[in-house]
Number of protein chains: 2
Amino acid sequence: MNVSHPEVHPQESSAIHTDGGVANAPPTLRMNEIQGMPGTPGGLALRFSQFVFAVAALCIMGSTSDFPSVSAFCYLVAASGLQCLWSLSLAIVDIYALLVRRRLRNSKIVIFFTIGDGITSTLIFAAACASAGITVLIGNDLNNCDVNHCAQFETATAMAFMSWFAVSPSFLLNFWSLASR
Amino acid sequence: MNVSHPEVHPQESSAIHTDGGVANAPPTLRMNEIQGMPGTPGGLALRFSQFVFAVAALCIMGSTSDFPSVSAFCYLVAASGLQCLWSLSLAIVDIYALLVRRRLRNSKIVIFFTIGDGITSTLIFAAACASAGITVLIGNDLNNCDVNHCAQFETATAMAFMSWFAVSPSFLLNFWSLASR
């Protein structure tokens with residue numbers, strides 16, 4: 001790959017799609033085409049999953065009365081909120097791209113998505129791990145579940161992990177798409 | 001990139017290097033050549049950093065008397081131990097590759113390194129975040145540092161984060177190298 005000559009030709013890709021024929025397309029599987037990337041139905045499904053799980057983590061943790069007394073739980077609320085905003089924004093972009101049948105293959109857009117996904121996935125994974133550590137400390141090590149909302153803490157942590165599971169493919173696919181162009 | 005035809009030609013690369021001439025080599029920067037990848041001095045330096053920081057985290061956390069009472073601290077010890085073994089093994093492979101002047105560009109080797117780096121970096125980052133959550137809980141939220149080894153917990157956590165900082169470039173470079181071939 002010649003990094004000093006990053007040439008992108010989105011016109012050619014759209015030309016293939018608009019003429020409705022794939023007879024001249026190479027028969028090999030192209031990594032640029034796989035589901036889960038921005039502007040594909042799979043990508044939109046991933047963004048929707050990230051958003052739903054992050055909202056669930058945010059609401060469940062926010063509904064407990066004593067989460068502000070633990071820094072890690074406050075951090076989980078903040079990271080889930082950021083993940084909600086990011087995933088919702090990119091879901092809207094995906095819906096727009098699907099409606100107007102445009103493919104998001106611009107180099108700068110993919111770099112922006114990759115960096116954003118990398119940052120938000122790292123933040124929500126860190127928050128989920130910190131919350132998991134404290135939940136295990138309260139529940140297993142100290143056996144203090146009778147005076148704490150262990151079930152809600154555990155559910156919120158699990159939702160944050162699920163959101164991270166949904167962000168990771170987006171990050172890896174964007175990074176792969178960036179490297180393979 | 002044609003995924004269905006993953007062709008690798010290590011013979012060509014070694015031929016260029018053994019004849020001592022680079023007159024016919026393309027003048028563009030190749031991502032396959034950059035420092036930090038397996039078989040380069042930069043890669044060896046990364047492995048050495050990972051190993052040193054993981055050993056430091058393991059020893060500092062292991063030297064406290066009360067770490068077995070907290071699950072997250074036990075997990076940090078286990079993850080640091082795994083990171084030590086992985087980084088030491090790959091440092092030995094890097095030293096061998098540098099001594100015999102072979103470049104580790106085989107597709108299967110890079111896939112193995114990428115998966116291994118991905119798993120170990122995720123584990124040690126999770127352990128560091130869980131320990132950080134508990135350290136902040138003890139030190140800031142509960143103000144219980146007078147009866148706990150806060151300084152040692154914090155130092156071990158910081159060492160684990162430093163080890164993760166050194167593993168991440170290895171993972172991203174291997175993944176990039178895998179995608180760009």
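Rule-based calculations on the coordinates, nothing more; no lab input. Every value quoted in this text rests on a predicted model; they were computed, and no experiment measured them. Cβ atoms come from the backbone with ideal geometry, glycine included; neighbour counts cover every protein chain shown.
Remarks
- Sequence of B:C129, A:C59 once ranked by neighbouring C-beta atoms within 10 Å, starting from the fewest: A:C59, B:C129
- Take A:D141, move 7 Å from Cα toward the beta carbon, and the resulting point lies 1.2 nm from the same point in each other copy, nearest first.
- Size of the range A:34-97: Rg and Dmax of its alpha carbons, in Å, are 13.9, 44.
- When A:I34 is represented by a point 7 angstrom out along its Cα-to-C-beta vector, the spacings to that point in the other copies are 2.1 nm, nearest first.
- Two-decimal log10 I(q)/I(0) for the range B:39-179, as the Debye equation yields it once each C-alpha is a single scatterer, q = 0.13 Å⁻¹: -0.56
- Between copies, B:S69 shows label-point distances of 2.0 nm, shortest first, with the point placed 7 angstrom from Cα along Cα to C-beta.
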